[in-house]
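Peer 1: Supplied in structure tokens, the structure appears directly below.
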Amino acid sequence: MTGSCGRGCSELTLTGSPRVLVVELTANGKRYRTRLPLRFEPSSGQLAKRLLRRVKTGEPKIRAAVIHESLGAGSGAPSDTTYELRAPDRFAYQLSRAGEAVGDTIIIGGREWTRGPHVQRWQASAYGGGGRALAAASYLGWWNDYTTNPRVLDRYRAGSIQVADIATLSELRGIGPVWLRLRLDLTHRRLLHLRMITAAHFMTQTWAASPRRILAPPASEVDHSR
């Protein structure tokens, strides 16, 4: 049974004793769905830390990944980025905003190629100013620094994999609280989905197993490294 408890507020009464509540709503033509825990487990924090360690120790074995990211700040159109990486030293990303291309970058070892929107030719340079090579896998665990105070929201099976839904809250000096919502593939020990919320900063990432393309140097380039 549901009812209104004021503007933007709804209340409901559940029958039985479910562990999870599935909430769905439609806003501005988009449909949203989330699972909310209904039971508090005192040991949830320790269990969440163990599950996070399990995924973290599996990260070095990941050889390839594709990450689709949407990043919003304020009321403007979000920036969309597709990252592709292949160990040990290949990394690429394509940035767009409001459906328009912004830039394209490919990094292989110590070399980097970039081009802007509506530009056919690539510009080549030494990665990071030279003197070092990229380690593609270094991007995999960037979110580990934000996983203090984790709690398990839900655990369930999705097809052939075991999934954990974990929430974390960290406090960063000069920024304030940072909330993460993590969906983990415990079977393959990898991240599936991430939602970050902090001051005027809303980011969603979806992770997949393999790049769609073989990362290779562009056929044409303008070299500014020499």
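Peer 1: Excluding Leu95 itself, calculate the net charge of residues whose Cβ lies under 14 Å from the Cβ of Leu95, where each Lys or Arg counts +1 and each Asp or Glu counts -1.
Peer 2: Working: positive: Arg97, Arg115; negative: Glu69, Asp80, Glu84, Glu100, Asp104.
Spelling it out: positives minus negatives among the neighbours equals -3.
Peer 1: OK, next. Using a probe radius of 1.4 Å on heavy atoms only, what accessible surface per residue do you get for the chain? Whole Å² is fine.
Peer 2: Values: 13740 Å² over 226 residues.
In whole numbers, the chain has 61 Å² accessible per residue.
Peer 1: At 1.4 Å probe size, with the rest of the protein present, what percent of the exposed accessible area of the chain is carbon and sulfur atoms?
Peer 2: Numbers: 7230 of 13740 Å².
The computed percentage sits at 53.
Peer 1: What is the local net charge at Ile161, summed over the other residues whose Cβ is closer than 11 Å to its Cβ (Lys, Arg +1; Asp, Glu -1)? Could the numbers behind the result be given before it?
Peer 2: Working: positive: Arg157, Arg183, Arg189, Arg190; negative: Asp185.
Every neighbour counted, the sum reads +3.
Peer 1: How large is the helix-only mean residue ellipticity at 222 nm for the chain, computed as the sum of -39500 (n - 2.57) over DSSP H runs with n ≥ 4, divided by its residue count, in deg cm²/dmol to the nearest 500?
Peer 2: Numbers: 1 runs with 15 residues, N = 226.
Only helices count here, giving -2000 deg cm²/dmol.
Peer 1: I've got another one for you. Write down the percent of antiparallel bridges among all DSSP beta bridges whose residues are both part of region 150-216, to the nearest 5. Display every interim value, and only then the final one.
Peer 2: Details: 30 of 30 bridges.
Percent antiparallel among DSSP bridges in region 150-216 is about 100.
Peer 1: Suppose we keep just the DSSP beta bridges with both residues in the chain; what percent of those would be antiparallel, to 5?
Peer 2: Numbers: 81 of 84 bridges.
Of the beta bridges lying entirely in the chain, close to 95 percent run antiparallel.
The values are calculated or read from the model by the stated rules, or taken from the named source; none is laboratory data. Everything quoted here is computed from the prediction, not taken from an experiment. Quick reminder, even Gly has a Cβ in these numbers, built from the backbone with ideal geometry, and neighbours come from all protein chains shown. Each accessible area value is taken on the protein alone, full model and side chains, heavy atoms only, with ligands, DNA and RNA left out. Shrake-Rupley method; radii C 1.70, N 1.55, O 1.52, S 1.80 Å.
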